[in-house]
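Participant: Please find one structure pasted underneath; my questions will follow.
The values are calculated or read from the model by the stated rules, or taken from the named source; none is laboratory data. Worth saying up front: this structure is predicted, and the values here are computed from it rather than measured. Using ideal geometry, Cβ is built from the backbone for each residue, glycine included, and neighbour counts are taken over all protein chains shown.
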Amino acid sequence: MNKRSSWALPYAIFLLLFVALPLVLIILYAFQDGSGNFTFGNFTKFFTDADAIGTFALSLEVAIENTLICILLGYPAAWILSNKKLNRSAVTIVLFIMPMWINALMRTLATAELFHMLGIQLGKGTLLVGMVYDYLPFMIYPIYNILNKMDKSYMEAAADLGATPWQVFWKVQVPLSMPGVVSGIMMVFMPTVSTFAISEFLTNNKIKLFGTIIQENINSSMWNYGAALSLIMLVIIGMTSLLQDNKKEVAGGTV
Amino acid sequence: MTNNDYIIEIRNISKSFGDKVILDDVSINVKRGEFVTILGPSGCGKTTMLRLLAGFGQADKGEILINGVDITGTPPHQRPVNTVFQRYALFPHLDVYENIAFGLKLQKVPADEIDKRVMKVLKMVSMTDYEDRDVESLSGGQQQRVAIARAIANQPKVLLLDEPLAALDLKMRKDMQIELKEMHRKLGITFIYVTHDQEEALTLSDTIIVMNEGKIQQIGTPTDIYNEPQNSFVADFIGESNILNGRMVKDRLVEFVGHEFECVDEGFGEDVQVDVVVRPEDIYIMNKLEGAQFTAKVKSCTFKGVHYEMYVETENGFELMVQDYNAFEPDSEVGLLIRPADIQVMHKERICNTIEAEIVDANHVKFFEETFECLPHSGFEEGEKVKVEITFSKVDLIDHPEEGMLSGLVHFLLYKGDHYHLTILTDEGYHLWVDTNDIWDKGDLVGINIAPQDIKIIKSDE
């Protein structure tokens, strides 16, 4: 090992201890029963349990809905923020990004209080509102970033070739900003699948998400089943990240 | 009012960004099928002019007509022009074929017709078989060809080219110049080409428009521009030149470098100060002194490939650049001769600084937002609007801006054989012209002092 690569040693140790080791432990636990024997039992239990599958499906559904709403709200917001004619000040951008500075748990608690104050029944609706509120900045930021850095000459070239402003948007700006959208999806979809605190506070535990079940199992010392569920979730999340690898980098900025 | 010969009529266009004037009352007429080059240094407004033609941005004043139709307010996608961008601006998410077909698809051209046209323009730019390539896998030169193909696929009436060759290396640039010229001939459409490269402009154009600081300096054919520059800026910007102070003695007789020369210019009047331009290749240099109009000593001699470039100093201290196929040794005495037709005489834009001013008191006058001491004057009242005249050589420039009454920077400089003629831009944005023997560089920060006895006050209506 030469001198410079030895600088990486602390990071390697960190990764080993806090990323690799837990992963190995999760895999080991997932394939063991309570007394340490090798088994597929944890997985068969999950795939034959209609309740667990239902929760899993609901989690995916909520995550997809949340992600879609975030795109629908976040893309126009990012577009307006990046448009120098509509938005001349950096303050508006900070206002949009500022919620990211505050702990998500605190914001969720505050949102729950707000619903309580307004007398709104907690349920799936409030869960989605809370999630969108929590995750919207994570969608806006990467899209804003890529739109902001995008070379304006692409849009000018499209207009020059006869594209109306609407066509410029759909045929050039949207496709070129896809890497930003993909980053946004990763930053919103993945954590929503595994979230449990938001559903706990914003639905009064009426709606259980996949994250909640994992948490409950781990809390009641069913580590092996919890680890198996975690592994399943990890695989799902890992599959989403494949989305990004297929997208090539676009001149004018990637996130 | 509309003339059918003109495809583009630009009338009195002005444009400012903030308080910086980019285009100042520019009017241009372009004939159908012409290859017109807008030439000027960076920041002269040439790119802004092209962008206004394409529809990116609005002029503050004036109007633009294409084919007799006022398009001043028309958005870019409805204009019958297409642009080749300096940085190509090819869509990275589309391949070569889709890039070229972009505009045609928008016009709902049938697919087989699109096919035909894409293949035709690809052939025209020598890029056949590249249609499936990713644009980012292409070299700079290839990308530029695709950008040109994309612009001409739409069959525009006018093709706008914004320094299209600036990013290419020299050899490739030369090849592309020839191809562009050929393409212009084949297509028969009007080309408006923007560049800062004077050689490119001379090679390609039917007409050159020389711009500087938002104003048109001269419009003419390449030979006109080269042989008969209308002012010292054009003479200095296009090609190598000796620019000298001169005096028109009478019609067809001009005096410079301490000698009188026959020339072909008339109508300047008698005993009038002028600028004289002589191209270095138009000065005949020889070893024998008889038959020469004046003599000089060779200071340096450099081989430039085709010719030798020599600096010579005349017996009365003027330095001239001479180009010749033969080398003349440094320190040798040579005879020089200039033919009447090779002397270009130009009106001087100014013969001294004339500045609007205001009398402060008996021995102070205010101009350029600063109060200057002057000699006691008579006949002027306090607060009276006047003008002051300051001779170019009486403006004193010093190294330290903070020690001057004014400060500014060297904006433009011109060597005039025995001194430098500088344009100084003061911090407050005023121009001051200075003759000096000191050597300054463009962009140098300077302090400016003017002695009281050198400020001449005159009535404002003189």
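Participant: Filter region A:117-166 down to the residues that are of a type in the set (Val, Ile, Thr), in contact (Cβ under 8 Å) with a residue 24 or more places away in the chain and within 14 Å of chain B (Cβ to nearest Cβ) and list them by number.
Facilitator: A:ILE146
Participant: Given (1) free of Cβ contacts under 8 Å to residues at least 12 places away in the same chain; (2) within 28 Å of B:GLY140 (Cβ to Cβ), where does B:LEU165 come up short, assuming only one miss?
Facilitator: The one condition B:LEU165 does not meet is (1).
Participant: Within region A:170-185, can you find the residues that are part of a helix (DSSP H, G or I), farther than 23 Å from B:VAL84 by Cβ, within 14 Å of another protein chain (Cβ to nearest Cβ) and touching a helix residue (DSSP H, G or I) at 6+ places or on another chain (Cβ under 9 Å)?
Facilitator: Residues of region A:170-185 part of a helix (DSSP H, G or I): A:170-176, A:178-185.
Then drop every residue that is not farther than 23 Å from B:VAL84 by Cβ, which leaves A:170, A:174, A:178-185.
Next, only the ones that are within 14 Å of another protein chain (Cβ to nearest Cβ) stay: A:170, A:174, A:178-182.
A:VAL174, A:MET178, A:PRO179, A:GLY180, A:VAL181, A:VAL182 - these are the residues of region A:170-185 that are part of a helix (DSSP H, G or I), farther than 23 Å from B:VAL84 by Cβ, within 14 Å of another protein chain (Cβ to nearest Cβ) and touching a helix residue (DSSP H, G or I) at 6+ places or on another chain (Cβ under 9 Å).
Participant: Also, I was wondering about something else. Scan B:LEU53, B:LEU65, B:LEU90, B:LEU94 and give me the residue that is within 20 Å of B:GLY214 (Cβ to Cβ), touching a residue at least 24 places away in the same chain (Cβ under 8 Å) and not acidic (Asp, Glu).
Facilitator: On the way: B:LEU65 fails: within 20 Å of B:GLY214 (Cβ to Cβ); B:LEU90 fails: within 20 Å of B:GLY214 (Cβ to Cβ); B:LEU94 fails: within 20 Å of B:GLY214 (Cβ to Cβ).
Just one listed residue meets the conditions, B:LEU53.
Participant: Would you say A:TRP101 is within 27 Å of the chain's Cα centre (by Cα) and at pLDDT below 90?
Facilitator: Details: within 27 Å of the chain's Cα centre (by Cα): yes; at pLDDT below 90: yes.
Considered against the rule, which asks whether it is within 27 Å of the chain's Cα centre (by Cα) and at pLDDT below 90, A:TRP101 comes out as yes.
Participant: Do we have any residue at all in region B:29-36 that's in a loop (DSSP other than H, G, I, E, B) and more than 19 Å from B:ASN82 (Cβ to Cβ)? Walk me through it before giving the result.
Facilitator: We begin by selecting, within region B:29-36, every residue in a loop (DSSP other than H, G, I, E, B); these are B:32-34.
The next check asks that each one be more than 19 Å from B:ASN82 (Cβ to Cβ); those that pass are none.
No, there is no match, as no residue in region B:29-36 is in a loop (DSSP other than H, G, I, E, B) and more than 19 Å from B:ASN82 (Cβ to Cβ).
Participant: Taking the stated definitions as given, is B:GLY33 surrounded by fewer than 21 Cβ atoms within 10 Å (Cβ to Cβ), touching a strand residue (DSSP E or B) at 6+ places or on another chain (Cβ under 9 Å) and assigned by TED's automatic domain parsing to the domain that holds B:ILE152?
Facilitator: Numbers: surrounded by fewer than 21 Cβ atoms within 10 Å (Cβ to Cβ): yes; touching a strand residue (DSSP E or B) at 6+ places or on another chain (Cβ under 9 Å): yes; assigned by TED's automatic domain parsing to the domain that holds B:ILE152: yes.
It is true that B:GLY33 is surrounded by fewer than 21 Cβ atoms within 10 Å (Cβ to Cβ), touching a strand residue (DSSP E or B) at 6+ places or on another chain (Cβ under 9 Å) and assigned by TED's automatic domain parsing to the domain that holds B:ILE152.
Participant: Let me ask something else about it. Restricting to strands (runs of 3 or more DSSP E) lying wholly in region B:189-250: which have 2 or more residues that are more than 11 Å from the chain's Cα centre (by Cα)?
Facilitator: Answer list for region B:189-250: B:190-195, B:242-250.
Participant: Sticking with this structure for a sec: Could you list, in sequence order, all residues of region B:78-87 that are within 7 Å of chain A (Cβ to nearest Cβ) and in a loop (DSSP other than H, G, I, E, B)?
Facilitator: Of the residues in region B:78-87, the ones within 7 Å of chain A (Cβ to nearest Cβ) are B:82-83, B:85, B:87.
Answer for region B:78-87, where residues must be within 7 Å of chain A (Cβ to nearest Cβ) and in a loop (DSSP other than H, G, I, E, B): just B:ARG87.
Participant: Filter region A:122-169 for residues that are in a helix (DSSP H, G or I) and β-branched (Val, Ile, Thr); which is farthest from B:LEU161 (Cα to Cα)? Don't jump to the end; show me each part of the working.
Facilitator: So the first thing to find is which residues in region A:122-169 are in a helix (DSSP H, G or I), and the list is A:124-149, A:152-160, A:165-169.
Subset that is β-branched (Val, Ile, Thr): A:126, A:129, A:132, A:140, A:143, A:146, A:168.
Numbers: A:THR126: 56, A:VAL129: 51, A:VAL132: 47, A:ILE140: 37, A:ILE143: 32, A:ILE146: 28, A:VAL168: 21 Å.
Filtering region A:122-169 for residues that are in a helix (DSSP H, G or I) and β-branched (Val, Ile, Thr), the one farthest from B:LEU161 (Cα to Cα) comes out as A:THR126.
Participant: Check whether at least one residue in region B:387-399 is in contact (Cβ under 8 Å) with a residue 12 or more places away in the chain, surrounded by fewer than 18 Cβ atoms within 10 Å (Cβ to Cβ) and over 26 Å from B:ALA362 (Cα atoms), and report yes or no.
Facilitator: Yes, the conditions are met somewhere in region B:387-399.
Participant: I've got another one for you. From B:PRO75, B:PRO41, B:PRO110, grab the single residue that is on the phi < 0 side of the Ramachandran plot and either surrounded by 19 or more Cβ atoms within 10 Å (Cβ to Cβ) or at the interface with chain A (Cβ under 10 Å from one of its Cβ atoms) (or both).
Facilitator: Within the list B:PRO75, B:PRO41, B:PRO110, the selection yields B:PRO75.
Participant: Of everything in region B:320-335, what is within 30 Å of the chain's Cα centre (by Cα), farther than 20 Å from B:PRO229 by Cβ and surrounded by 15 or more Cβ atoms within 10 Å (Cβ to Cβ)? Give them in sequence order. Give the steps one after another, and end with the answer.
Facilitator: Our first condition is that a residue be within 30 Å of the chain's Cα centre (by Cα); within region B:320-335, this holds for B:320-325.
Then keep just the ones that are farther than 20 Å from B:PRO229 by Cβ; that gives B:324-325.
Correct list: B:ASP324 only.
Participant: Scan region B:88-101 and give yes if some residue there is aromatic (Phe, Trp, Tyr), within 20 Å of B:PRO164 (Cβ to Cβ) and more than 10 Å from chain A (Cβ to nearest Cβ), otherwise no.
Facilitator: Just the residues of region B:88-101 that are aromatic (Phe, Trp, Tyr), to begin with: B:88, B:91, B:97.
This time we only want the ones that are within 20 Å of B:PRO164 (Cβ to Cβ), so: B:88, B:91.
From the residues that got through so far, the ones that are more than 10 Å from chain A (Cβ to nearest Cβ) too are none.
For region B:88-101, residues aromatic (Phe, Trp, Tyr), within 20 Å of B:PRO164 (Cβ to Cβ) and more than 10 Å from chain A (Cβ to nearest Cβ): absent.
Participant: Among what's in region B:127-145 and is under 33 Å from the mean Cα position of the chain (by Cα) and in contact (Cβ under 8 Å) with a residue 12 or more places away in the chain, pick the residue that is nearest to the other protein chains (Cβ to nearest Cβ). I'd like the intermediate steps shown before the answer.
Facilitator: We begin by selecting, within region B:127-145, every residue under 33 Å from the mean Cα position of the chain (by Cα); these are B:139-145.
Applying the additional criterion that residues be in contact (Cβ under 8 Å) with a residue 12 or more places away in the chain yields B:140-145.
Values: B:GLY140: 13, B:GLY141: 18, B:GLN142: 16, B:GLN143: 11, B:GLN144: 13, B:ARG145: 15 Å.
Going through the qualifying residues, I end up with B:GLN143.
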